[in-house]
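Right, one structure below, let's go through it.
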Amino acid sequence: MELSEKQIKKYKGMSVPQLLKLATDHFNRYIRQRDSDGNIFRCISCGKIKPVAQMDAGHFMAASLYTAIRFDENNVHGQCVHCNRHMDGNLSTYRDNLVRKIGQEEVDRLMAVCRNTTKLDRGWLIEIIFRFKPNADDQP
């Protein structure tokens with residue numbers, strides 16, 4: 001994605017940690033909207049249908065450990081708070097359901113790419129913000 005000087009300038013005064021938080025907020029909001037149906041969603045791990053208020057954007061491969069796929073849409077899915085926060089992601093059933101959802105080949109790709117390192121630099125984070133922000137022309 002090629003950003004203009006004007007687009008980049010909007011974020012000039014923000015630090016990398018501030019940009020990371022904003023990028024994460026926009027990305028997680030996108031995932032929650034993508035994986036919900038009105039006010040409900042189905043958890044990628046336990047399969048239960050729950051209210052959106054109980055939904056996290058749950059990473060299959062941990063965001064804090066695998067920066068290369070932190071913002072990969074196939075690595076993050078609607079997951080209930082219980083599975084994500086209280087069962088450490090409930091990863092065994094997450095993986096099984098992920099294979100059904102995106103296919104074994106794509107899961108294998110995530111597993112291969114996850115160990116690549118990606119520096120969380122300003123330019124990349126601003127691109128993520130513009131990619132997932134609902135209205136990219138708005139102010140930060």
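Only the coordinates and a few stated rules stand behind these numbers; no lab work does. In this text, all values refer to a predicted model and were calculated from it rather than measured experimentally. Please note: Cβ atoms are built from the backbone with ideal geometry, for glycine as well, and neighbour counts cover all protein chains shown.
What the table shows:
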| quantity | calculated |
| --- | --- |
| Magnitude of the charge dipole, region 14-128, Cβ model with Lys/Arg +1 and Asp/Glu -1, debye to 20 | 220 debye |
| With Cα atoms, 0 to 90° folded angle of helix 122-132 axis to the chain main axis | 60 degrees |
| Angle between the chain longest axis and helix 91-102 axis [Cα atoms, degrees, rounded to 10] | 70 degrees |
| Cα centroid separation - region 1-24 against region 34-95, whole Å | 26 Å |
| Nearest-ten-degree value, helix 104-113 long axis tilted from longest Cα axis of the chain | 50 degrees |
| Region 14-128: mean projected area of Cα convex hull, nm² | 7.1 nm² |
| Modelled FRET efficiency - R0 30 Å, R29 with K101, Cβ distances, 0.05 increments | 0.90 |
| Of I129, I31, I49, the one that fluctuates the most in a GNM where the chain has Cα springs shorter than 10 Å | I49 |
| Value of [θ]222 nm, deg cm²/dmol, for the chain, DSSP H segments ≥ 4, -39500 (n - 2.57) each, nearest 500 | -12500 deg cm²/dmol |
